[in-house]
Amino acid sequence: MRHLALLVVLLAAARLPAEVAVLNAHVPEDSPSVERVRDIMLGRISTWSDGSAVRIVLSLEESADLVVREIVGRDTERLLRGWKRLVFSGGGAMPRVVQTNRQALELVRDLPGAIALLPEAPAAEGWRVVEVGK
Amino acid sequence: MLDAKRPLRRTPTALVAILALLATPAWGYEYPGEALGLEAHGFASFGWLAAAGNNWFGVDDRGTTQFWEAATNVIARPVDRLRLGAQIYARDLSRYDNGRATLDWAYADWRAADALGVTVGRFKIPFGLYNEELDVDAARVPIFLPLSIYALRTRDFYISNDGVKVYGLVQIGGGGSVEYALHAGRKSYNTNGGFATYLTELGLGERIDTMTTGLNAGGMVQWNTPWSGLALRASLLDLHDFRVDAASPATGTTSHTQAENYWQGVLSAQLELPSATLAAEYLRIHGRAHVEVAPLGFGSDLVDNSAGAYASATWHARRWLEPYAAFEATWADAYHDSASYVYAAVLAVRFQPLAHWSLKAEFRDLWGTTGLLASDNPSGFTQNWQIFALKTTVDF
């Protein structure tokens, strides 16, 4: 019975996407909380703790959309609609949108202050990977 | 509708073509102008509007295509904490505004900390849940924001302020977070704009010469509760020392209208669920003004105790399909809700074939006549009437 329960737990865990925030290597915050990441993605916070600009990178891959939904509570489409509201009412600068998770990683590496929500990311020199699962 | 008295509308065909071209590769890997530290965005919306039973905004059951809006902006973040931006906006809403371009907002924003940001310049007024997106069709599902809270003819009055805004976000531990904004400024309104047109229709004069506020101040506080997706907001706005000078050359009279204070408050609630968004708001206005007409020496007090409310639901059925339903109520006198009112049942749907292109349809079934003009309906009002609207928007 205990083995069956363990199997169920493992299967359930296997179906859940992992959730990581990938930060540009120069972002000054080591491990922002899930609440802070949510506020950043919703445009409520626009600068990092050192005053540098937050630059959001969104991947249109389904796996990234699942992570955005889990962390932010909106899918990527609705999140972008919220950003259109901010941008056209003078409340912010638009996130950068790319087609794939790979492109998102490359952009985070190259863009100072960048952050992306992804299901996973390998360790690399140009970015830092932070677990943000709830 | 063609009207010989009206100036020719500036049809933004070229603008649409440019927007469509820009929209195609939009939000790709790089923004145009990025090398200069700038980003530019814009949108254009076009629609068709008709009203059956009563004429509304000068629109009848034949409909009108004088129903469009467009904007373009530039945003820069030249140094840490600083954001600069400006937007030009134009709309044509039947006989209101007629495509006249205006400076929608232009500001310098300094974000000192999460809890403190300062914006100086012309900025949108945070009032209710959605006032800042009144013009942004791309940001919502229905064509019209609830008209019981977000009036269209008085847009100039409420949309922006020239002054200072202080705002921020404060975490309150396990209690969620609080967003706030306080603003103060003063403003001169365009005497050819939609609001001025509306005041002439209300009988202040044939033309508006000046229209100003001595102090335009207000604020909002929003509690982002720890319960996922639930936010509660309270907003307050006071237009202090609001003055309008108007003239009627045909009769040789002038009028001076002054309101010491024109208070408005809104209570709002929004619940964002994975597949639906629910919202409800209640607006209460307390306005007192006095009109003097010269050389007749005639004076009159004006009282505004109006109120409005709505409840709405948006179903996020698919990425490309979202139905919307709402019930709205407007009372001309909050103390006597049977005196004059309009109730509206609203159905709308938004299709989004592409990320930057949307198509919408909206139907409103209305009971009551508050807000209708007798000059638009010389043969009298119909109690039950309808509004139909179609709209498409591209943005980049």
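B:GLY194 passes every criterion in (1) crowded, with 22+ Cβ neighbours inside 10 Å; (2) within 14 Å of chain A (Cβ to nearest Cβ); (3) modelled with pLDDT under 95 apart from (2). Residues that are assigned to a helix (DSSP H, G or I) and β-branched (Val, Ile, Thr) were ranked within segment B:184-220; the one that is nearest to A:GLY82 (Cα to Cα) is B:THR197. Could you tell me whether segment A:67-87 includes any residue that is β-branched (Val, Ile, Thr), more than 10 Å from chain B (Cβ to nearest Cβ), outside any helix (DSSP H, G or I) and touching a helix residue (DSSP H, G or I) at 6+ places or on another chain (Cβ under 7 Å)? Scanning segment A:67-87 turns up no residue that is β-branched (Val, Ile, Thr), more than 10 Å from chain B (Cβ to nearest Cβ), outside any helix (DSSP H, G or I) and touching a helix residue (DSSP H, G or I) at 6+ places or on another chain (Cβ under 7 Å).
Checking each residue in segment B:130-140 for being aliphatic (A, V, I, L, M) and facing chain A (nearest Cβ under 8 Å) picks out B:VAL136, B:ALA138, B:ALA139.
Return the only residue of B:ALA345, B:ALA329, B:ALA361, B:ALA313 being touching a Gly at 6+ places or on another chain (Cβ under 9 Å) and either modelled with pLDDT of 95 or more or assigned to a strand (DSSP E or B) (or both).
B:ALA329
Specify which of the listed residues (B:ASP97, B:ASP92, B:ASP80, B:ASP104) is surrounded by fewer than 21 Cβ atoms within 10 Å (Cβ to Cβ) and either touching a strand residue (DSSP E or B) at 6+ places or on another chain (Cβ under 8 Å) or aliphatic (A, V, I, L, M) (or both). Step through it out loud before you land on a result.
Numbers: B:ASP97 fails: surrounded by fewer than 21 Cβ atoms within 10 Å (Cβ to Cβ); B:ASP92 fails: surrounded by fewer than 21 Cβ atoms within 10 Å (Cβ to Cβ); B:ASP104 fails: surrounded by fewer than 21 Cβ atoms within 10 Å (Cβ to Cβ).
Among B:ASP97, B:ASP92, B:ASP80, B:ASP104, only B:ASP80 is surrounded by fewer than 21 Cβ atoms within 10 Å (Cβ to Cβ) and either touching a strand residue (DSSP E or B) at 6+ places or on another chain (Cβ under 8 Å) or aliphatic (A, V, I, L, M) (or both).
You will find that of B:GLY287, B:GLY297, B:GLY265, the residue that is without any contact (Cβ under 8 Å) to a residue 12 or more places away in the chain and not basic (Lys, Arg) is B:GLY297 and no other.
Looking at this structure, is B:GLY174 more than 13 Å from chain A (Cβ to nearest Cβ) and either out of contact with any helix residue (DSSP H, G or I) (no Cβ under 9 Å at 6 or more places or on another chain) or surrounded by 22 or more Cβ atoms within 10 Å (Cβ to Cβ) (or both)?
Values: more than 13 Å from chain A (Cβ to nearest Cβ): no; either out of contact with any helix residue (DSSP H, G or I) (no Cβ under 9 Å at 6 or more places or on another chain) or surrounded by 22 or more Cβ atoms within 10 Å (Cβ to Cβ) (or both): yes.
Answer is no for this residue.
Contact map, segment B:371-396: residues that are without any contact (Cβ under 8 Å) to a residue 24 or more places away in the chain paired with residues that are among the small types (Gly, Ala, Ser) and not in a loop (DSSP other than H, G, I, E, B), Cβ distance under 8 Å, separation 6+ or inter-chain. Pairs shown: B:GLN383/B:GLY368. Within segment A:82-134, being over 28 Å from B:ASN131 (Cβ atoms) and among the small types (Gly, Ala, Ser) holds for A:ALA104, A:GLY113, A:ALA114, A:ALA116, A:ALA121, A:ALA123, A:ALA124, A:GLY126, A:GLY133.
Within this structure, B:GLU322 fails the test of being part of a strand (DSSP E or B), closer than 16 Å to B:TYR282 by Cα and among the acidic types (Asp, Glu).
Residues B:PHE127, B:PHE123: which one is touching a residue at least 40 places away in the same chain (Cβ under 8 Å), within 8 Å of chain A (Cβ to nearest Cβ), buried (at least 21 other Cβ atoms within 10 Å of the Cβ) and in contact with a strand residue (DSSP E or B) (Cβ under 8 Å, 6 or more places away or on another chain)? Break it down stepwise before answering.
Values: B:PHE127 fails: within 8 Å of chain A (Cβ to nearest Cβ).
B:PHE123 is the lone residue from the list that is touching a residue at least 40 places away in the same chain (Cβ under 8 Å), within 8 Å of chain A (Cβ to nearest Cβ), buried (at least 21 other Cβ atoms within 10 Å of the Cβ) and in contact with a strand residue (DSSP E or B) (Cβ under 8 Å, 6 or more places away or on another chain).
Set side by side, the residues B:ASP114, B:ASP137, B:ASP97 differ, and just one is at positive phi and in contact (Cβ under 8 Å) with a residue 12 or more places away in the chain, which is B:ASP97.
Test B:ALA276 against the stated conditions and say whether it is among the aliphatic types (A, V, I, L, M), surrounded by 14 or more Cβ atoms within 10 Å (Cβ to Cβ) and free of Cβ contacts under 8 Å to residues at least 60 places away in the same chain.
Details: among the aliphatic types (A, V, I, L, M): yes; surrounded by 14 or more Cβ atoms within 10 Å (Cβ to Cβ): yes; free of Cβ contacts under 8 Å to residues at least 60 places away in the same chain: yes.
Considered against the rule, which asks whether it is among the aliphatic types (A, V, I, L, M), surrounded by 14 or more Cβ atoms within 10 Å (Cβ to Cβ) and free of Cβ contacts under 8 Å to residues at least 60 places away in the same chain, B:ALA276 comes out as yes.
Does segment B:270-326 hold any residues that are out of contact with any His (no Cβ under 8 Å at 6 or more places or on another chain) and among the charged types (D, E, K, R), and which are they? Answer for segment B:270-326, where residues must be out of contact with any His (no Cβ under 8 Å at 6 or more places or on another chain) and among the charged types (D, E, K, R): B:GLU272, B:GLU281, B:ARG284, B:ARG288, B:ARG318, B:ARG319. Look at B:ASN161 and say whether it is buried (at least 21 other Cβ atoms within 10 Å of the Cβ), touching a Lys or Arg at 6+ places or on another chain (Cβ under 7 Å) and away from chain A (no Cβ under 11 Å). Yes: the conditions hold for B:ASN161. Remark: pairs (first residue in segment B:336-355, within 14 Å of another protein chain (Cβ to nearest Cβ); second residue among the charged types (D, E, K, R); Cβ separation under 6 Å; 6+ apart in sequence or on different chains) = B:ARG350/B:GLU322; B:ARG350/B:LYS360.
Name the single residue that is surrounded by the most Cβ atoms within 10 Å (Cβ to Cβ) among those in segment B:224-259 being away from every other protein chain (no Cβ under 14 Å) and on the phi > 0 side of the Ramachandran plot.
Of the residues in segment B:224-259, the ones away from every other protein chain (no Cβ under 14 Å) are B:232, B:234-259.
Applying the additional criterion that residues be on the phi > 0 side of the Ramachandran plot yields B:241, B:252.
Details: B:ASP241: 15, B:GLY252: 10.
Only one residue fits best here, namely B:ASP241.
Are any residues in segment A:57-70 touching a Leu at 6+ places or on another chain (Cβ under 6 Å) and closer than 16 Å to B:LEU273 by Cβ, and if so, which ones? Listed by number, the list holds a single entry, A:VAL68. Candidates in segment A:31-42 are the residues that are at pLDDT below 95 and not in a helix (DSSP H, G or I); of these, the one that is farthest from the other protein chains (Cβ to nearest Cβ) is A:SER31.
The values are calculated or read from the model by the stated rules, or taken from the named source; none is laboratory data. Being a predicted model, the structure only gives us computed values, none of them experimental. Please note: Cβ atoms are built from the backbone with ideal geometry, for glycine as well, and neighbour counts cover all protein chains shown.
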